[in-house]
Amino acid sequence: MTNIEAAEPLIHSNDKSKEIFLNFPKNDHNQWTRKEKYVWFFTLLFGTTALYACRTTMPLVSPACAKSLNWSKTDVGTVLSSFFWGYTLTQIPGGYLSDRYGAERVLLLAGLIWGLLTFWFQKVVTWAGSNLKYVVFTRIMFGAAQGVHFPALASISSKNLNSKDRGFFFSATTAGGAIGTLVTGTIGSYMNETFGWSTVFYSIGFIALVWVAVLKYYAMNLTSKKRTIVGMSSDGNLLSHNSSNMDQVPWLTYLKSPALWACVFCHFCQNNCFFILLSWLPTYFHDNFPEAKSGIFNVVPWILMVPGIGVAALITKKLSRNGHSVTSSRKIIESICLLSEAFCLVCIGLLGKYSFTLALFLMTICLFFAGFHNCSVLVNPQDLAPKHSGSILGIMNAAGAIPGFIGVYLVGYILELTGSWSAVFNVTAVINLIGLSVFALFGSGTPIV
């Protein structure tokens, strides 16, 4: 009897809007069943894999494109960085729309757009030739479509999983980024060397469109069967046309939090390192070791990133069992990530040019520890804002995308002026250390609201 009296009322009304809401127990209707959890995990893992496979097509073929179309290093930097102009713009809207209207719909529409743009992108490049404005515009649209993906992932995992499972689920699905890069490195390198660079976009774009079909006709169809009552929203309310009125985002409270801005700044610094490697790694090896096979340096450095995410998750669980707080665990894991990346980058700048094997080894170790970021700062928005993680991740990823168009472009400009990869890696290492200092001082794993 006590439990019944303590429970929330089944039926209540909104006096202002005169709407009547029928509440269902959240544990029964909001959270995924065991089967749904597995279906959505593999669907979202596949989606993130396709996302990064499409994203890394242009970096992979950029040396071949530059040669055939007479692009300079600055031109290449402009094309590569333009993706992040659009990517930055849709982070916050993507999180907001996912929280309010449903992440599944956002993922579906965006996936269809970036999948089709990838499939037909070689037509744009061929048609544009040396006139980069059309290529840049298409890359901006492509980036805008991909920008909603990770805020949507944060939103869907927060709404459908309990707090204990959210961090691991989200970081595990982001492992698709490394898998997608491997897919492009293997399939893309083979298609590029055997049939020409234009076929890379067809093959990778087709994979993306297959994922869109799986999302629409399998995962979303499975979930929709739970909502057989007309008018039930994703929040479990019947006859509710604006459920967001019940849970407004307290933006001012979040934006005043030093912990949020420490998370945002640290993500900015780590993304600067990651996006530079993601965009320029093929060019680095092509410039310094022109005889090396692209199938090796486009694949091997990314092989250990997924295991790196797994190792970081295991260490996080170990720290938790040993009594470390969420705040302490996040700072330890992020410290390992940023310090290791900085050390490897400095060593590559000093010693990498003398040996292909050494450069490949150091780059592989660097990306192994880059995976630790997925289990620390990248999941921190779910610690800080469990009710609004999509919107907050949108803020974080918007800031984190800025190095994509500034840092990636500046690398091309620096190389055009000096030809020094060592200068690029040293500056990147210093930025890593600055980001770590800020997060160590102000970061937190305690919910803001």
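Below is a table of values for the structure above.
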| read-out | value |
| --- | --- |
| Odd one out for Y284, checked against (1) surrounded by fewer than 16 Cβ atoms within 10 Å (Cβ to Cβ); (2) more than 18 Å from the chain's Cα centre (by Cα) | (1) |
| Of residues in region 337-363 being of a type in the set (A, V, I, L, M, F, W, C), buried (at least 17 other Cβ atoms within 10 Å of the Cβ) and free of Cβ contacts under 8 Å to residues at least 40 places away in the same chain, the one farthest from M305 (Cα to Cα) | C347 |
| Filter result (at pLDDT 90 or above and part of a loop (DSSP other than H, G, I, E, B)) within region 267-302 | F289 |
| Residues of region 385-406 that turn out to be within 21 Å of P282 (Cβ to Cβ) and either without any contact (Cβ under 8 Å) to a residue 40 or more places away in the chain or surrounded by 24 or more Cβ atoms within 10 Å (Cβ to Cβ) (or both), as a count | 3 |
| Subset of region 116-149 that is at pLDDT 90 or above and not in a helix (DSSP H, G or I) - its residue that is nearest to Y52 (Cα to Cα) | G147 |
| Matching entry among R100, R105, R139 (being among the basic types (K, R) and either without any contact (Cβ under 8 Å) to a residue 12 or more places away in the chain or touching a His at 6+ places or on another chain (Cβ under 6 Å) (or both)) | R105 |
| Among the candidates R321, R330, residue that is in contact with a Gly (Cβ under 6 Å, 6 or more places away or on another chain) and either without any contact (Cβ under 8 Å) to a residue 12 or more places away in the chain or of a type outside the set (V, I, T) (or both) | R330 |
| Which listed residue is farther than 22 Å from L209 by Cα and surrounded by fewer than 23 Cβ atoms within 10 Å (Cβ to Cβ), from S81, S72 | S72 |
| Of all residues making up region 190-239, the number that are among the basic types (K, R), modelled with pLDDT of 90 or more and out of contact with any Leu (no Cβ under 8 Å at 6 or more places or on another chain) | 0 |
| Hits in region 252-267 - residues which are of a type in the set (A, V, I, L, M, F, W, C) and either buried (at least 23 other Cβ atoms within 10 Å of the Cβ) or farther than 30 Å from M58 by Cβ (or both) | L252, L255, A259, L260, W261, A262, C263, C266 |
| Hits in region 88-142 - residues which are hydroxyl-bearing (S, T, Y) and buried (at least 19 other Cβ atoms within 10 Å of the Cβ) | T88, T90, Y96, S98, T118, T138 |
| Odd one out for V449 among (1) touching a Gly at 6+ places or on another chain (Cβ under 9 Å); (2) surrounded by fewer than 17 Cβ atoms within 10 Å (Cβ to Cβ) | (1) |
| K73 being among the basic types (K, R), farther than 22 Å from T186 by Cβ and touching a residue at least 60 places away in the same chain (Cβ under 8 Å) | yes |
| Helices (runs of 4 or more DSSP H) completely within region 152-227 that count 3 or more residues being in contact (Cβ under 8 Å) with a residue 40 or more places away in the chain and under 30 Å from A66 (Cβ atoms) | 176-183, 189-195, 198-214 |
| Out of L433, L378, sole residue that is farther than 26 Å from V79 by Cα and buried (at least 21 other Cβ atoms within 10 Å of the Cβ) | L378 |
| Those residues of region 155-168 which are surrounded by 24 or more Cβ atoms within 10 Å (Cβ to Cβ) and at pLDDT 85 or above, in sequence order | S155, I156, S157 |
| Which listed residue is out of contact with any helix residue (DSSP H, G or I) (no Cβ under 9 Å at 6 or more places or on another chain) and of a type in the set (V, I, T), from T327, T357, T316 | T357 |
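The values are calculated or read from the model by the stated rules, or taken from the named source; none is laboratory data. The structure displayed is predicted, hence computed values, not measured ones. Every residue, glycine among them, receives a Cβ derived from its backbone with ideal geometry; neighbour counts consider all protein chains shown.
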